[in-house]
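Have a look at the structure below before the remarks.
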Amino acid sequence: MASNAYIIANKRAVSSHPHRQPHLPLLLLLFSLFFIGKFDLVSALNYTKYTRKVSNLRLQRIQKHLEKINKPAVITIESPDGDIIDCVHKRKQPALDHPLLKKHKIQRVAPEMPKVKTLKRDEGSGDSKRKEGEDLIWQMWHRNGTRCPKGTVPIRRSTTRDVLRAKSLFHFGKKQSTTINPTRRADAPDVVSSNGHEHAIAYTGTSQEVYGAKATINVWDPSIQEVNEFSLSQIWILSGSFDGSDLNSIEAGWQVSPELYGDSRPRLFTYWTSDSYQATGCYNLLCAGFVQTNGRIAIGAAISPVSQYDANQYDITILIWKDPKLGNWWMGFGDNNLVGYWPAELFTHLADHATMVEWGGEVVNSRANGKHTSTEMGSGHFAEDGFGKSSYFRNLELVDADNSLSSVHDISTLAENTNCYNIKNSYNNEWGTYFYYGGPGNNPQCP
């Protein structure tokens, strides 16, 4: 595919960068909002209700927020998918605005990578087309070989349109508060009932101390029915009270979220919270918290290519672990590429260790028109369909107190409604512990 990504010179980028031009006339903003629907109609989703009239006061508040999270760029890169990537100096990134990180010094010494207890397997299996070392060419903004300068990190720029798709400015970049269904097992924490989230997950017990987790995740582009729904596949690192307000969670994977990104492309994402998704934390770099150190991977940027039914399969490897020396929780992507870290200061329970890990899929079921959503999970096919048709997680591993990685053997699985989405796990020498998961959502057995 021909590349048409290019660098926008600093002079040309000034007029479109909200931090550099904080007093953009509201008239111009209102004019631009007229075209919101035109920009977002790249899919069949209905964005009409997101083009409602907006008061001047709300626009002012949005603009002020964008000035806070969109930091000054050394250079700006325009991606062929429409994203704007700002190359921001590491010391100017949003993370350091957090009140708990005012005296935080960015970790310069590389964390101690987890040791592998068992002999390293050939994790490629010959079927998956993604090879380690090729991970960095999978983000669309890389297509012409452009990179951010040394000492900077790539940050996807947020726009007024992005914020207006959210329920409110407070909800922008946040997951809904999670509540636990008391009829479910207490040791399956992220299963919700009141806010329409559904899952197909594998999870560990709560009796062990966990210091990280790893998995290789098949990447697809599931269909989304409503703008305010999403479909994601991720790892959860959890500790705290699963039925209270102090749950700590660190998350990473890929997601399709038209509300958050304005399109239906699968994107690399992160998330964190220290209070059960109530007030703390956010996706990606949409609030202060996650410290990015990698200058080549943009969190929130689109992943390409993606898997196709009964054709080439693509996957990404994600590792999250606690640095045994400094205590920060690091994220690795692909073949030992360090993305950045969640500082230990952000957490209460996770400042020590995790008590549970989950791997799997999650969707939002808004029951539009009184029916179960047709938003797909994974590939949109049930677990029974297997390789090339159903989505998978493979090589599930845990990090222990000795900073050693080993294959997971004792996991439980859970899906709220197996007629809509399901999960089936197994084990072999190449893929270790793995599972297939997903489904189409609405169907004759899932009305």
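Structure summary
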read-out	value
Only listed residue being among the aliphatic types (A, V, I, L, M) and either open to solvent by less than 10 Å² (accessible area, probe 1.4 Å) or at pLDDT below 95 (or both), chosen from Leu232, Leu260	Leu232
Members of segment 326-352 that are out of contact with any strand residue (DSSP E or B) (no Cβ under 9 Å at 6 or more places or on another chain) and not in a loop (DSSP other than H, G, I, E, B)	Asn337, Glu345
Residue that is nearest to the chain's Cα centre (by Cα) [pool: residues in segment 66-80 that are surrounded by fewer than 20 Cβ atoms within 10 Å (Cβ to Cβ) and assigned to a helix (DSSP H, G or I)]	Lys68
Residue count for segment 81-99, restricted to those that are more than 11 Å from Phe290 (Cβ to Cβ) and either in a loop (DSSP other than H, G, I, E, B) or of a type in the set (Val, Ile, Thr) (or both)	6
Pick from segment 277-300, criterion over 20 Å from Pro154 (Cα atoms) and open to solvent by 10 Å² or more (accessible area, probe 1.4 Å), ranking: nearest to the chain's Cα centre (by Cα)	Thr280
Answer residue from segment 321-360, given it is at pLDDT below 95 and touching an Asp or Glu at 6+ places or on another chain (Cβ under 6 Å) and is most open to solvent (accessible area, probe 1.4 Å) among those	Asp335
Meets criteria (in contact with a His (Cβ under 7 Å, 6 or more places away or on another chain), closer than 30 Å to Gln278 by Cα and open to solvent by 10 Å² or more (accessible area, probe 1.4 Å)) for Ala368	no
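The values are calculated or read from the model by the stated rules, or taken from the named source; none is laboratory data. In this text the structure is predicted, and so the values were computed from the model without any measurement. So basically every Cβ, Gly included, is an ideal-geometry build from the backbone, and we count neighbours across all protein chains shown. Calculation scope for accessible area: heavy atoms of the full protein, side chains included, ligands and nucleic acids excluded. Shrake-Rupley method; radii C 1.70, N 1.55, O 1.52, S 1.80 Å.
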